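Q: This structure is in structure tokens; I'll ask about it shortly.
The values are calculated or read from the model by the stated rules, or taken from the named source; none is laboratory data. Here the structure is a predicted model, which means the values were calculated and not measured. Heads up, the Cβs are rebuilt from the backbone with ideal geometry, glycines too, and the neighbour counts pull from every protein chain shown. Protein only, heavy atoms only, side chains kept; ligands, DNA and RNA dropped before computing areas. Shrake-Rupley method; radii C 1.70, N 1.55, O 1.52, S 1.80 Å.
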Amino acid sequence: MKEKQLMVAAIENGTVIDHIPSEKLFAVVNLLHLDRMTSAVTIGYNLESQELGKKSIIKMADKFFTNEELNQLAVICPNLTLCIIRDYEIVEKRMVTLPDELKGIVHCANPKCITNNEPMQTHFHVHGPDRRALKCHYCNTIIDLEKVKLVEKKG
Amino acid sequence: MEKRSLVTIADHSREKIEYLIQMAQEFEKHPNRRLLEGKVVATLFFEPSTRTRLSFETAANRLGARVIGFADPKVTSGTKGETLKDTIMMVSNYADIIVMRHYLEGAARYASEIAPVPIVNAGDGANQHPSQTMLDLYSIYKTQGRLDDLDIFLVGDLKYGRTVHSMLNAMHHFNPTFHFIAPEELAMPEIYKQFCRDHSIRYVEHTDFNADVISGADILYMTRVQRERFTDLMEYERVKDRYLLKLDMLSKARPNMKILHPLPRVNEIEYSIDENPHAYYFEQARNGLYARQALLCDALGITLDEIRNDKTIIE
Ligand SMILES: [Zn+2]
């Protein structure tokens, strides 16, 4: 606990993502394009966690997420914790959870789906009792959350 | 006017299905009317389907509507790179309702979201074909006098057959028992069996197809077993004749049992069965006219009451 407070205390403004399952860390790093960031980024890998066994944590100075980016994050790992830091204080702390609907976030796996052939947004509904699948609003294809392909963002 | 597109039967409640069946009954009594006089119906077939198009166009014509559209996408801008959206928006300027068939899955749902006029899905790839489902339900209702508590046997290609998948979806309101009869390679996919379990629908799977297996059927729904669906052509050769319905297989059938087939048939039903009282597939196709008249009117906001009190009937 003390270690975490130290890490958080080290940025003036920015975002901390906590409770990343360690096996998902590099997927999150890729998704957030951390390799292209110019501000300070600290990554903690394989830290001890009571709930997860091993967890990872990413701390980014001067970075704040849009809802769309958070939805993308929620697709690759549910139940992250997000802390927003302003002036060395945690001003907001919340869970990042998968919304019931995702628009323009992931690709449909069906090549004959209208969304893969028309300039339009994809649209999925979270599917299944354990919420681990997505169902295409248009072609009804069901995709396992572990296998989804995210829509590439420009910039 | 409220938009009342028809994309899939899955959007309809039990009550709505029964309501549409009652509407179809009215059109069967009096198919020729001037109910849609002054209306323009567009039939856009981005993929050819002569049967479905003729059925919809006949339905529109017998109700007095005018029909515009195309039957072959090669002559339209679709192949010149125009988006579906642009075509739909253009045609919406001309027509009161659009009946569309498309090779892409989800095309009708998308069109219904962007079009200012109602869309009727006449088939979108392997996804949905609600007017076929509606005429199947109407045929079941007409021959059995009810939709509830029936034993429905689905035979042939249950893996790719979109009509049988829609049937599961539509019948789940009516406490059916299904029997799935298919070669292993074309068996009912797990996702649809899960759907049955989720909705407490009983089902039994068979690979054999004989007089004993079908003796408990109220409805025997035949589909095509197509060569191109098989990865192993040896397997196709082995099973292709096993799912052919022969006259002597009807010896133990229930008296009320009817044979349905979405047509065209290739090699699923012996021609000698055509004259048998169990055969119903030609009447089934005619029911498509009444079912589609009901779907067009419902999409245009015309109610069952209006149809019952219709003064435009042509005797
Ligand atoms: Zn799709």
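Q: Treating each Cα of chain B as an identical point scatterer and ignoring solvent, apply the Debye formula and state log10 I(q)/I(0) at q = 0.07 Å⁻¹.
A: Scattering profile of chain B, log10 relative to I(0): -0.28.
Q: List the GluC sites (Glu not before Pro) in the range B:173-246 that DSSP assigns to loop (not H, G, I, E or B) and whose Cβ has at most 14 other Cβ atoms within 10 Å. Which are they?
A: Working: sites: B:GLU184, B:GLU185, B:GLU190, B:GLU205, B:GLU228, B:GLU235, B:GLU237; in loops: none.
Filter output for the range B:173-246: empty list.
Q: May I ask you to work out the translational diffusion coefficient for the range B:129-201 at 25 °C, viscosity 0.890 mPa s, via Stokes-Einstein with Rh from the Kirkwood sum over Cα pairs, reported in whole µm²/s?
A: Values: Rh = 12.5 Å.
Here the translational diffusion coefficient equals 196 µm²/s.
Q: Moving on to the next point. Could you report the buried accessible area between A and B, both sides summed, computed with a 1.4 Å probe and given in Å² to the nearest 100? All intermediate terms of the calculation are to be shown ahead of the outcome.
A: Numbers: alone 9200 and 13980 Å², together 22050 Å².
By this definition, chains A and B bury close to 1100 Å².
Q: Which loop chymotrypsin sites (Phe, Trp or Tyr not before Pro) in the range A:7-72, with loop taken from DSSP, have no more than 13 other Cβ atoms within 10 angstrom of their Cβ? Intermediate values should be presented prior to the final figure.
A: Working: sites: A:PHE26, A:TYR45, A:PHE64, A:PHE65; in loops: A:PHE64, A:PHE65.
Hits after loop and neighbour filter: A:PHE64.
Q: Give me the number: length gained by fully extending B:LYS252 to B:LEU304, i.e. 0.36 nm times residue separation minus the C-alpha to C-alpha distance, one decimal in nm. Please report the intermediate quantities before stating the final value.
A: Numbers: separation 52, 0.36 × 52 = 18.72 nm, distance 4.01 nm.
Between B:LYS252 and B:LEU304, full extension yields 14.7 nm more.
Q: Mind running the shape call on the range A:39-104? Use the C-alpha gyration tensor, a ≥ b ≥ c as the square roots of the eigenvalues: rounded below 1.5 for a/c, prolate if a/b tops b/c, oblate otherwise.
A: Details: a/c = 1.78, a/b = 1.14, b/c = 1.57.
It comes out oblate by the Cα gyration axes.
Q: Another question, if that's okay. Over the range A:1-102, with every protein chain in place, what whole percent of the accessible area is carbon and sulfur at 1.4 Å, could you tell me?
A: Numbers: 2800 of 5660 Å².
Ligands and nucleic acids excluded, carbon and sulfur reach 49 percent.
Q: If you don't mind, another one. In terms of the ratio Rg/(2.2 N^0.38 Å) built on C-alpha atoms, what value belongs to the protein assembly as shown? If you can, show how the numbers build up before the last one.
A: Values: Rg = 27.4 Å, N = 470, 2.2 N^0.38 = 22.8 Å.
Expressed relative to 2.2 N^0.38 Å, the Cα Rg reads 1.20.
Q: Right, here's the next one. Using the beta-carbon distance between B:ILE313 and B:TYR94 and R0 = 35 Å, what value does 1/(1 + (r/R0)^6) give for FRET efficiency, to the nearest 0.05? Could you put the intermediate results ahead of the total?
A: Values: r = 28 Å, r/R0 = 0.80.
It comes to 0.80.
Q: According to a simple spin-label model (label point 7 Å from Cα along Cα-to-Cβ), what is the distance in nm between A:PHE26 and A:GLU118?
A: According to this spin-label approximation, the distance is 3.9 nm.
Q: If one takes the longest principal axis of the Cα atoms in chain A, at what angle in degrees, from 0 to 90 and to the nearest 10, does the Cα axis of helix A:67-76 lie?
A: Orientation of helix A:67-76: about 80 degrees from the principal axis.
Q: Also: For the range A:26-103, state which GluC sites (Glu not before Pro) are in a DSSP loop and have at most 12 other beta carbons lying within 10 Å of their beta carbon. Intermediate results must be reported in sequence, preceding the final value.
A: Numbers: sites: A:GLU48, A:GLU51, A:GLU68, A:GLU69, A:GLU89, A:GLU92, A:GLU101; in loops: A:GLU51.
Answer in residue order: A:GLU51.
Q: Now, a different point. Quick one: among B:SER92, B:SER200, B:SER112, which has the greatest mean-square fluctuation in a GNM of chain B with alpha-carbon springs under 10 angstrom?
A: B:SER200
Q: Okay, next question. How many angstrom lie between the C-alpha centres of the range A:35-95 and the range B:167-224?
A: Centre-to-centre distance over Cα atoms comes out at 49 Å.
Q: Here's something else I'd like to know. Specify the inter-centroid distance of the range B:250-277 and the range B:131-155, based on alpha-carbon positions, in whole Å.
A: Measuring centre to centre over Cα atoms gives 15 Å.
Q: Just need the relative contact order of chain B here, percent rounded to a whole number, with Cα pairs under 8 Å and 6+ apart.
A: Details: 580 pairs, mean separation 72.0, N = 315.
That works out to 23 percent.
Q: How much of the DSSP beta bridge set in chain B is antiparallel, as a percent to the nearest 5?
A: On the way: 2 of 36 bridges.
Antiparallel bridges make up about 5 percent of those DSSP assigns within chain B.
Q: On to the next question. Please report the base-10 log of the normalised intensity I(q)/I(0) for the range A:101-150, using a Debye sum with one equal scatterer per alpha carbon and no solvent, at each q in 0.16 (1/Å).
A: The Cα Debye sum returns log10 ratios of -0.36.
Q: Provide, for q = 0.15, 0.18, 0.20, 0.21 Å⁻¹, the log10 of I(q)/I(0) from a solvent-free Debye sum over equal Cα point scatterers in chain A.
A: The calculated log intensity ratios at q = 0.15, 0.18, 0.20, 0.21 Å⁻¹ are -0.82, -1.08, -1.25, -1.33.
Q: While we're here: So which residue, out of B:GLN194, B:GLN132, B:GLN25, gets the largest mean-square fluctuation from a GNM of chain B using Cα contacts under 10 Å as springs?
A: Checking each option, the largest mean-square fluctuation is seen for B:GLN194.
Q: Another question about this same structure. For chain B, what is the mean residue ellipticity at 222 nm derived from helices alone (per DSSP H run of n ≥ 4: -39500 (n - 2.57); sum divided by total residues; nearest 500 deg cm²/dmol)? Please list the in-between numbers first.
A: Values: 10 runs with 111 residues, N = 315.
The helix-only estimate for chain B comes to -10500 deg cm²/dmol at 222 nm.
Q: Also: Show the residues, 5+ positions off or on another chain, whose built amide H is closer than 5 Å to the amide H of B:VAL204.
A: B:PHE178, B:HIS179, B:PHE180
Q: Could you compute Rg(Cα) / (2.2 N^0.38 Å) for the range B:275-315, with N its residue count? Display every interim value, and only then the final one.
A: Values: Rg = 14.0 Å, N = 41, 2.2 N^0.38 = 9.0 Å.
Rounded to two decimals, the normalised Rg is 1.56.
Q: As an exercise, use a Förster radius of 60 Å and the Cβ-Cβ distance of B:ARG146 and A:LEU150 to find the FRET efficiency, rounded to the nearest 0.05.
A: Values: r = 49 Å, r/R0 = 0.81.
E between B:ARG146 and A:LEU150, to the nearest 0.05, is 0.75.
Q: Within 10 Å of each Cβ of A:114-126, how many other protein chain Cβ atoms are there on average?
A: Across A:114-126, the average partner-chain Cβ count within 10 Å equals 4.
Q: Identify which of B:LYS246, B:LYS39, B:LYS29 has the largest mean-square fluctuation in a Gaussian network model of chain B, with springs joining Cα atoms closer than 10 Å.
A: Between B:LYS246, B:LYS39, B:LYS29, it is B:LYS29 that shows the largest mean-square fluctuation.
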